[in-house]
1. Cross-link partners among lysines for Lys311, C-alpha distance below 27 Å, same-chain residues fewer than 8 apart left out?
2. Fewest first, what order do Phe99, Phe74, Phe4 take by the number of other Cβ atoms within 10 Å?
3. Students often check this: by mean Cβ neighbours within 10 Å, which of 185-194, 39-48 ranks highest, and how do the rest follow?
4. Nearest 5 is fine: what % of DSSP beta bridges in the chain come out antiparallel, could you say?
5. Kindly write out, for the stretch 255-266 in residue order, the coupling ³J(HN,Hα) from the Karplus curve 6.51 cos²θ - 1.76 cosθ + 1.60 (θ = phi - 60°), rounded to whole Hz, with x marking Gly and Pro.
6. Once phi is turned into ³J(HN,Hα) by the Karplus curve 6.51 cos²θ - 1.76 cosθ + 1.60 with θ = phi - 60°, what whole-Hz value does each residue of the stretch 86-101 show in order, with x for glycine and proline?
7. In the stretch 244-424, what percentage of the DSSP-assigned beta bridges are antiparallel, given to the nearest 5?
8. For the stretch 1-155, with only Lys/Arg (+1) and Asp/Glu (-1) charged at the beta-carbon, what is the dipole magnitude about the Cα centre, in debye rounded to 20?
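Every number here is computed from the coordinates shown, using simple stated rules; none is lab data. Being a predicted model, the structure only gives us computed values, none of them experimental. Cβ placement follows ideal geometry from the backbone for every residue including glycine, while neighbour counts extend to all protein chains displayed.
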Amino acid sequence: MQAFSDPIIAVSTAPGRGAVGIVRISGKKLSRFAKALLGKNLNPRQVQFSRLKDARQELIDEVLALYFQGPESFTGEDVLELQGHGGQQVLQRMIKRCFEVSMQNVPNEENQNQDNHLTVLPHLRLANPGEFTQRAFLNSKIDLLQAESIMDLIDASTEMAAKSASRSLSGVFSKEIDQLLQQVTLARVMIEAQIDFPEEEIEELQAREQEKTTREIEEIIEQTQLILSKARQGVLLKEGLKTVIAGQPNVGKSSLMNQLCEQEVSIVTDIAGTTRDLIKQTLQIDGIPIHLIDTAGIHQLASQQNDTVEKLGIERAWKEMGQAQLILFVHDLSRIDNIDYASAEEALHQQIKQHVGPQANVVHVWNKIDLYEPTHLKSVTKNLNQAWGSQEDDPLLISTRNGQGLQALKKNILHRMGWDLNLGEDVYSARERHLLSLKDVLFHLQTAKKIAHEAQKNMDLIAEEMRLAQNALSQITGEFNSDDLLGEIFSKFCIGK
Ligand SMILES: Nc1nc2c(ncn2[C@@H]2O[C@H](COP(=O)(O)OP(=O)(O)OP(=O)(O)O)[C@@H](O)[C@H]2O)c(=O)[nH]1
Ligand SMILES: [Mg+2]
């Protein structure tokens, strides 16, 4: 049975070859272990050079040893770091030696009685994924938001994502949540006090207090909305945006894919039905990861034809559209006056609406502007945009051939996802879990506000909603979390972290 009090050991550097490799040990009373392993007493927070030898006194590696005495360490326990050379064999020999030494018996220095011996470091075991960070959390060195941001920092794939993770790690997000929690708690105390108002209390005073409470709830709602929008951006930075390029054959979907990715990832020809399978590529727009998917052109005749590959390709396109956060529906301006093409466009538009739901994020992109220059172009596309319920005032007119309109399209993609440039620098890394809790908080606050605005204010109900908001908030920083959730969060870490 594994225990949280067991000392743990792991290689903390990435697997593979490297100049330096680190073995990390965390536990209680590590100084005795360090002495038995390296033959000398280590001073906390000082780097000491040592020769680590095996049982036959053969050199395993020359190491730099760093000893942190708890609670002034990452995990809050004693921590020993051995920095050696980064080969896997060396590191494994170091770990093996640590296990051997941990099981040795040494005289108990605290009790000089001759027969009194102690095992150097009983129950030493390999660390589970994320266990060092989990201990830091359990020993209150960091809160749950900070623990999660450590993983985000390691995983960050863009500079912006790394910046936002380090902002969370430094506690910016936690501080804002804590402040919000304090505000909610205070408001709740005030409300509870009003419930207990003595009967003889003058009505006027009571009314004034209630008004103040309502105002306070409204302020807290505003604050929650701001934090939610910053957290939303954080999730976007971390997770990116799944975007599918869809449309009829030959409209220029693959050309758009290549232009956005700035490389030839998809084959482009003038033959309708060139793309048959999904082509996936991740790119960045202003530091936001966009997971772009090029799909097979969709046409109504496919189901009547015998081309199995094409049919399968179209099926896959529909499946991806169903899961996409954004669909770039590409249209071919050079064929817009062709009746067959236009009616197929209308049919496809209806199909997309049915398939992905009316709330889906569909951006209409009008391609091949270089081939179509009549003066009434804008009004034609504008009418179409409006008829199709598009959100754009100005239609997105592009040419993948000469690059026209692509910048506007990129901006539009970010805008559609609610990316607020003004918040850019303020963003902190966040997860779906945080968004769900914040939405929960907002729901309870808004319910409380609604009751507060009723003529017959039921203060008991308001207090209950505030209590639920408070609970949802404390779930974010981990004060109020089930063991299951904690287990799930930490198991996603890598070993040694
Ligand atoms: N003039 C012009 N031609 C374009 C433009 N974009 C694409 N084309 C041409 O249109 C044809 C089809 O382009 P693709 O990118 O293969 O179109 P697609 O939508 O991926 O086609 P399928 O994979 O068959 O569904 C090619 O001959 C392209 O060179 C554009 O902006 N202007
Ligand atoms: Mg294509």
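1. Lys242, Lys253, Lys280, Lys319, Lys353, Lys368
2. Numbers: Phe99 13, Phe74 19, Phe4 10.
So the residues, fewest neighbours to most, are Phe4, Phe99, Phe74.
3. Working: 185-194: 17.1, 39-48: 12.6.
In descending order of packing, they fall as 185-194, 39-48.
4. In the chain, DSSP labels about 65 percent of beta bridges as antiparallel.
5. 4, 5, 3, 5, 5, 5, 7, 6, 7, 7, 8, 10
6. 3J(HN,Hα) across the stretch 86-101, in whole Hz: x, x, 5, 5, 4, 5, 5, 5, 4, 5, 4, 4, 4, 5, 4, 5.
7. On the way: 7 of 21 bridges.
In the stretch 244-424, DSSP labels about 35 percent of beta bridges as antiparallel.
8. Here the size comes out at about 460 debye.
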